[in-house]
1. Looking only at the stretch 41-55, how many residues end up being outside any helix (DSSP H, G or I) and either in contact with a strand residue (DSSP E or B) (Cβ under 9 Å, 6 or more places away or on another chain) or free of Cβ contacts under 8 Å to residues at least 12 places away in the same chain (or both)?
2. Inspect all residues belonging to the stretch 61-77 and state whether any of them is over 10 Å from the mean Cα position of the chain (by Cα) and on the phi > 0 side of the Ramachandran plot.
3. Quick one: is LEU17 of a type outside the set (Val, Ile, Thr), free of Cβ contacts under 8 Å to residues at least 60 places away in the same chain, within 25 Å of GLN3 (Cβ to Cβ) and surrounded by 14 or more Cβ atoms within 10 Å (Cβ to Cβ)?
4. Among the candidates GLU78, GLU60, single out the residue that is charged (D, E, K, R) and surrounded by 11 or more Cβ atoms within 10 Å (Cβ to Cβ).
Amino acid sequence: MSQKIINISFPVNENILLLINQTKERFTQEVLYLTALFLWRKRKLSLGKASELAGYNKIEFIEKLQRDGEYIFDYNEEELDEIFEDAGKLV
């Protein structure tokens, strides 16, 4: 199955880029990363697909998450209980 690439664009006031001291290219890269991060946190994208959206390979994306202080493993309390319960069975 071939993948079709589409371009998405939206207007940004130039003053915003000046205020945050970013080029159009850097801003676009940051928006893609933050969008990928948001969709991954919401569990709409896997880690691999989020890294693809952000323009990184999976290892680079994980390293960027670490540099930004983001949790790579984000389990809720129920999931953690299940993991520890399963780990306890291994002993």
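The values are calculated or read from the model by the stated rules, or taken from the named source; none is laboratory data. Given the structure is predicted, the values throughout are model-derived calculations rather than measurements. All Cβ positions, even for glycine, are placed from backbone atoms using ideal geometry, and neighbour counts span all protein chains on display.
1. 5
2. Yes, the conditions are met somewhere in the stretch 61-77.
3. In short, no.
4. GLU60
Residue by residue, here is whether (1) modelled with pLDDT under 85; (2) among the charged types (D, E, K, R); (3) in a loop (DSSP other than H, G, I, E, B) holds:
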{"site": "GLN3", "(1), (2), (3)": "no, no, yes"}
{"site": "ASN7", "(1), (2), (3)": "no, no, yes"}
{"site": "THR28", "(1), (2), (3)": "no, no, no"}
{"site": "LEU39", "(1), (2), (3)": "no, no, no"}
{"site": "GLU60", "(1), (2), (3)": "no, yes, no"}
{"site": "TYR75", "(1), (2), (3)": "yes, no, yes"}
